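Structure, as structure tokens:
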């Protein structure tokens with residue numbers, strides 16, 4: 001199902017108020033954006049945008065069209081969904097991507113309960129770091145993703161899903177715990193750290209938060225870089241090192257007394273997990289799963 005592409009171009013440009021961003025979102029050139037807008041304005045006999053250099057503002061007529069275009073798109077997506085529901089009463093499938101922490105600790109119970117309600121759906125989940133997952137979205141290898149942060153990729157839309165906290169942890173027998181000064185951020189310079197690889201959403205969040213505290217991650221003591229949360233948890237249980245891990249990933253180890261959270265005054269690293277997809281809207285199983293998960297975890 002498709003409709004007047006010029007309306008879609010207008011709606012996207014009105015959302016971004018920038019032809020360059022609209023072109024990136026629709027995967028067409030900026031001249032093509034301008035051409036479609038001009039043709040639509042000629043057809044309607046009005047100007048839809050006031051152009052002020054690189055910035056755009058909707059005219060009164062443009063605001064009216066934007067209001068109704070939004071309603072048209074909502075109805076269009078509902079119609080598409082109902083048609084897909086008819087087609088997928090027996091079988092449907094989805095390619096889901098998720099960064100490591102989310103795929104291991106957040107999504108499995110949600111997938112299980114979702115499939116309890118929709119037993120005929122087939123879902124394949126791919127686990128990579130955030131950067132790789134976003135590349136797979138761009139390549140349309142996957143339909144929907146859940147990532148650990150936001151990038152500046154204009155082709156992707158990010159929808160907040162749930163809050164997370166990254167905490168500093170070590171094994172409960174680490175002798176450094178007895179002498180560690182928890183009242184000073186400079187203590188971080190003394191700790192041997194285990195980190196994720198570059199490109200990991202977790203590492204990016206840690207790096208940015210420390211930068212806000214005037215601490216350069218590169219100046220801290222990195223003992224080893226490991227490629228997953230599970231490998232980091234196992235490593236620090238057998239080695240007196242420290243790591244920043246999602247609070248969701250260490251519940252079992254905290255209960256069993258294998259790991260301990262190290263509270264340092266002034267250090268708090270919070271982040272959001274995001275559903276991520278290409279601009280243009282979702283239909284079918286990806287849309288159903290997104291709404292199912294966000295309804296379970298209202299922010």
Sort 72-81, 10-19 by the packing proxy (mean of other Cβ within 10 Å over each peptide's residues), most packed first.
10-19, 72-81
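Give me 132, 99 ranked fewest to most by other Cβ atoms within 10 Å of their Cβ, as a rough exposure proxy.
On the way: 132 14, 99 28.
Listed from fewest to most nearby Cβ atoms, that is 132, 99.
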Rounded to one decimal in Å, the inverse mean reciprocal Cα-Cα distance for the range 13-159, i.e. its Kirkwood radius, is 18.3
For residue 219 and residue 28, compute 0.36 nm times the residue count separating them, minus their Cα-Cα distance, and round to one decimal in nm.
64.5 nm
Here the FRET efficiency for residue 151 versus residue 113, based on Cβ atoms and R0 = 22 Å and rounded to 0.05, is 0.15
Given R₀ = 45 Å, FRET efficiency for residue 51-residue 172 by Cβ-Cβ distance, to 0.05?
0.10
Whole Å is fine, so just give me how far the alpha carbon centre of the range 1-55 lies from that of the range 198-244.
44
Residue-span extension gain [residue 141 to residue 43] - 0.36 nm each, minus C-alpha spacing
31.5 nm
In whole angstrom, largest first, the equivalent ellipsoid semi-axes that the Cα gyration tensor gives for the range 164-270 are 19, 17, 13
Per residue of the chain, what 222 nm ellipticity follows from adding -39500 (n - 2.57) for every DSSP H run with n ≥ 4, rounded to the nearest 500?
-13500 deg cm²/dmol
If you take the C-alpha gyration tensor of the chain, multiply each eigenvalue by 5 and take the square root, what semi-axes do you get, largest first, in whole Å?
44, 25, 14
Have a look at the DSSP beta bridges in the chain and tell me what percent are antiparallel, nearest 5.
60
Of all DSSP beta bridges in the range 164-270, antiparallel share, percent nearest 5
65
Final fewest-first order of 249, 231 on the 10 Å Cβ neighbour count is 231, 249
At 0.36 nm per residue, minus the direct Cα-Cα distance, what do residue 60 and residue 124 gain on full extension? Give it in nm, one decimal, please.
18.4 nm
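Each reported figure results from applying straightforward, stated rules to the coordinates on display, with no laboratory input. Just so it is clear, the structure is predicted and the values come from calculations on it, not from any experiment. Counting neighbours? That spans all protein chains shown, and the Cβs are built from the backbone with ideal geometry, glycine included.
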